[in-house]
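Only one structure is covered here, and it is reproduced in the block below.
The values are calculated or read from the model by the stated rules, or taken from the named source; none is laboratory data. Because the structure is a prediction, the values reported are computed rather than measured. Virtual Cβ from ideal backbone geometry, glycine too; neighbours counted across all protein chains shown. We work out accessible area using only protein heavy atoms, side chains counted, and drop any ligands, DNA or RNA first. Shrake-Rupley method; radii C 1.70, N 1.55, O 1.52, S 1.80 Å.
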Amino acid sequence: MAAPMLRWGCRGRRWAFARVDGGSCHRRGAPTGSTSNRIRGESSVAQQPLHTAQKTRKGEHKWAAVVGLEIHAQISSNSKLFSGSQVRFSAPPNSLVSFFDASLPGTLPVLNRRCVEAAVMTGLALNCHINKKSLFDRKHYFYADLPAGYQITQQRLPIAVNGSLIYGVCAGKKQSQVIPKTVRIKQIQLEQDSGKSLHDNLRSQTLIDLNRAEGQLRVDANISVHHPGEPLGVRTEVKNLNSIRFLAKAIGECQLPLLVSFFLLCTMSMRDKEGKQDYRFMPEPNLPPLVLYDATSLPAGADPQQVINIDQIRETLPELPSVTREKLVQQYGMLLEHSFTLLNEVGLLEFFQNVIKETRAEPKKVTSWVLNTFLGYLKQQNLAVSESPVTPSALAELLDLLDSRTISSSAAKQVFEELWKREGKTPGQIVSEKQLELMQDQGALEQLCHSVMEAHPQVVMDVKNRNPRAINKLIGLVRKATQSRADPVMIKEILEKKLSL
Amino acid sequence: MLEVSAALKQGQITPTELCQKCLSLIKKTKFLHAYITVSEEVALKQAKESEKRYKHEQSLGDLDGIPIAVKDTFSTSGIETTCASNMLKGYVPPYNARVVPKLLDQEALLIGKTNLDEFAIGSGGTDGVFGPRKQNPHSKNEDSDWLITGGSSGGSAAAMSALGSATGGSTRNPAAHCRFVGFKPSYGLVSHYGLILLVNLMDVPGILTRCVDDAAIVTLLNHLFGLADVSKLCIEIPKEYLVPELLSEVQSFWSKAADLFESEGAKVIEVSIPHTSYSIVCYHVSCTSGVALNMARLDGLQCSHRCDTDVPTQSMYASTRQEAFNDVVRGRILSGNLFLLKENWENYFIKAQKSATSHLDVFLTPTILSEAVPYLEFIKNYIFTQAVNMAGLPAVSIPAALSNQGLPVELRFFEHAFCDQQLLTVAKWFEKQVQFPVIQLQEFMDDCSSMITQ
């Protein structure tokens, strides 16, 4: 095995490096999120090339990036993909290892039904075509955390293919605009995971844990850049990324200025054909083809325990985010980007819906308060929705007060801040304590307006002269006179009437 | 086996006595290298329990108290399982292969683990690290040229009632050399969980016994069944098996066997299996590829031999595997890896998988090219047997006649998948017609003692 394709890692936790030498092609960062049951999805963002953040100088050609992601996700199940041993987070090392997991000679794999169902669900949720017949293969390479010397995967004919996912990209000023994008899902396959390697650099040794359960999502990014219209460039791979932030960073850093410096290295390694790892794929002989059925192809009298019905699984799928977003837009008239934000924060949609249930206020008002004020406070203090000091009922009550014009919007913000302090008071209590109620007496307000107008004839003149800022000054003066207890909207109405505007 | 079972039931001999006789026989014939591990304590313990049952007339069936030997590729809990390789020397599995408890549930005695070609790769029974199975019990050769027992379940054959395993002919081959009945069940009929596999798609447990009835019992096909109704049979003779290397004597016995069936009213026709000549090549490609990947787990880290540990991992893999695998195994692994390389995949592996499986009634062919072969002239005898393995069909090899030199000639029947029962009824009928002298224990002992004194 000669030099493999160049792989590199950045600063940050859990990066993987591969030594570009004649030895091992896989050195995984420690500790990795190794899992026993995996769904691997491959996608490529080929339609919308990622543009560099830097402006291109005059005369320079533009670069376009092509990104492919290999996503490894652990299936939530009680036992492993091919053996009956348990899956448990943070169990002592090597305590959940069956004979098959240890690859003792003579042991055989048995497919876990739950994992197949999970893979079908994932395929359906990602709009894939589910292959009614899929095959298992062996992918052969030597590494300490792979006791069998091969990995069972689905290379040739995986369980699901040709799907897509719509996601939102934040753009525009202040990143407030959300643009929907589509990514293609090439295939989804079931595969076995390797063990966990723990590198002890001090003692120059590596410890292996064959439990294989860490509950993580892991991504390998494949990136290349090219001039639009020309063939794709050299592929660079970054392995074992476990957050969107690091993923974005990695892709972002594969941009032109840095690219030049290691471009030469890349071309050298790719020119060397011997350098590519040949995994010597072979059909897995111990697992027959995986056959799935749907309502039309299900054999009569089939034991439901023995077969998997795709249509049945489809019925058990929860409402998918794209459908939910569509409903929100239709029902509440909110902008699409708002629907993305609502769904992207865990628990926020539920919070929103609870507020809607309890308040008379308009949905648009609720949306604005939840996404701007509420979410803003959460982010500032790095809290999850579940940790919020303000309950949906409290916010609903506050919005009712606002809606009934009992308080002004600035007063409402004050109340909200008080609520956030967790003193256990209701909005009503806060309003009365701080005397934030709006002046309800129309007559008294008219009187005040009149007196202010008389006190400031110059401003009145400006208003009459259509100076747009003048009226705001008047409103401000009246408000001051009422100690901010008057609704500016009402003040404006009265003033305009008086001035016959 | 039935006679022995009857003797046990009638109290003519106790299980413990029987067991001890077997054990002493094994010790006397140690030069045959038939056994790698003799599980003396375990067997005697089981014998004592069997004895109790017979005393109280609670015997559990025909296998109760009968000593059985198991090829050393079957995982036996608590008993060393080596596959005749340095790689697994000292490996004591923590679990049993599925067939083992099935036999033990019938209260058979596990007398030991038999010798084989390393990892069951080989057809001579000569390539195991524990020494080749030197003597075919029929050898009357006076000089030091000993006869091979056939492989790869050579030790099982020498043990005379045993579980072998069959990838390409590894049960029938030694059976043929040693004058036994060798039965390879349909792929899928008998579980191969715990059988350390050579090639997953072809490996099955195989049975080696002295007569067809015994084979049926051991396979636990339950009960003896009658003889086939030969007049309703169609026996097919594949003409591709008539190869130039076939000894004329064997050919004549083959012919006589066909006549025998015809005289009883069976239809005997010549047929063609056109891909026969390709199958050995396909077999080699599939087998080596399977071997390469099955051996990948033996890297020195988990349960196998490990070389000096103060070296980087990759070097450790290389040294361990160099030290602990013999030349034949290494050769197969290298070939297998070659065939599986991306560039070779289409040309070799995919083509090999397209080997033909035809629809059959009962086929009759010789098992090996000639009679039991002397070591110096030993050739690969898989040419006849492996095609059947690739198709997953059941087959049985039974002794037909004695050649001029007094060596056994075997003929073989094979059938549709899962028609094992019918196959055995045909074999049983033939066995009865031929009345081949089944090897007698006493006769064998006499032969051996005469050899020792030489």
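Quick notes on this structure:
- Compactness index (Cα Rg / 2.2 N^0.38 Å), segment A:67-196: 1.28
- Whole-Hz ³J(HN,Hα) from phi, Karplus 6.51 cos²θ - 1.76 cosθ + 1.60, for segment A:282-290, glycine and proline x: 8, x, 6, x, 8, 10, x, x, 8
- Taking all Cα pairs closer than 8 Å and separated by 6 or more residues, the relative contact order of segment A:64-254 comes to 24 percent.
- Heavy-atom accessible surface of A:SER322, to the nearest 10 Å², is about 60 Å², with a 1.4 Å probe and all protein chains retained.
- Listed values for segment A:194-204 are Karplus-derived 3J(HN,Hα) couplings in whole Hz (6.51 cos²θ - 1.76 cosθ + 1.60, θ = phi - 60°), namely 7, x, 9, 9, 10, 8, 10, 5, 5, 9, 6, and x replaces Gly and Pro.
- Whole-percent carbon and sulfur share, accessible surface of segment A:64-254, 1.4 Å: 57 percent
- Chains B and A together, accessible area buried on both sides, 1.4 angstrom probe, square angstrom: 2700 Å²
- Distant-in-sequence amide H partners of A:GLN155 (H built 1.01 Å from N, under 5 Å): A:ASP137
- Remark: spin-label model distance B:ASP229-B:SER272 equals 3.4 nm, labels positioned 7 Å along the Cα→Cβ axis.
- Estimated FRET transfer efficiency (B:GLN433, A:ASN78; beta-carbon r; R0 51 Å; 0.05): 0.30
- Simple label model, 7 Å out from Cα along Cβ direction - A:ASN472 to A:VAL169, nm: 3.6 nm
- On a per residue basis, segment A:64-254 carries 43 Å² of accessible surface, using protein heavy atoms and a 1.4 Å probe.
- Exposure check, 1.4 Å probe, all protein chains in place: A:VAL234 carries approximately 30 Å² of accessible surface.
- Rolling a 1.4 Å probe over the protein chains gives A:ILE356 an accessible area of about 40 Å².
- A 1.4 Å probe over all protein chains sorts B:ASP259, B:ASP420 by accessible area into B:ASP259, B:ASP420, starting with the largest.
- Amide H contacts of A:ASN94: A:LEU210, A:ASN211, each under 5 Å away and 5 or more positions distant or on a separate chain (H built 1.01 Å from N in the peptide plane; Pro and chain starts excluded).
- Restricting the calculation to Cα atoms, segment A:442-499 yields a radius of gyration followed by a Dmax of 10.1, 28 Å.
- Percentage relative contact order, segment A:321-434, counting C-alpha pairs under 8 Å, at least six apart: 22 percent
- When all protein chains stay in place and ligands, DNA and RNA are ignored, the 1.4 Å accessible-area order of A:LEU419, A:LEU317, largest first, is A:LEU317, A:LEU419.
- Ligands, DNA and RNA left out, the 1.4 Å accessible surface of segment A:321-434 is 47% carbon and sulfur atoms.
- Per residue, the accessible area of segment A:359-425 comes to 50 Å² when a 1.4 Å probe rolls over the protein heavy atoms.
- Cross-link pairs exceeding 27 Å in C-alpha to C-alpha distance, out of A:LYS139/B:LYS113; A:LYS357/A:LYS425; A:LYS133/A:LYS239; B:LYS232/B:LYS428, comprise A:LYS139/B:LYS113; A:LYS133/A:LYS239.
- Pairwise centroid distance, computed over Cα atoms, of segment A:60-95 with segment A:420-439, Å: 49 Å
- Segment B:GLU17..B:GLN314, full-extension length gain: 101.7 nm, with 0.36 nm per residue of separation and the alpha-carbon distance subtracted.
- Interface residues of segment A:90-126, defined as a loss of at least 50 Å² in heavy-atom accessible area between the chain alone and the complex of all protein chains with a 1.4 Å probe, are A:PHE99, A:LEU104, A:PRO105, A:GLY106, A:LEU108.
- Distance between the 7 Å Cα→Cβ label points at A:ASP311 and A:TYR293: 1.2 nm.
- Interchain or long-range residues, amide H under 5 Å from A:GLN177's placed H: A:ALA171
- Largest to smallest in accessible area, the residues B:TRP254, A:TRP63 fall in the order A:TRP63, B:TRP254 (1.4 Å probe, all protein chains included).
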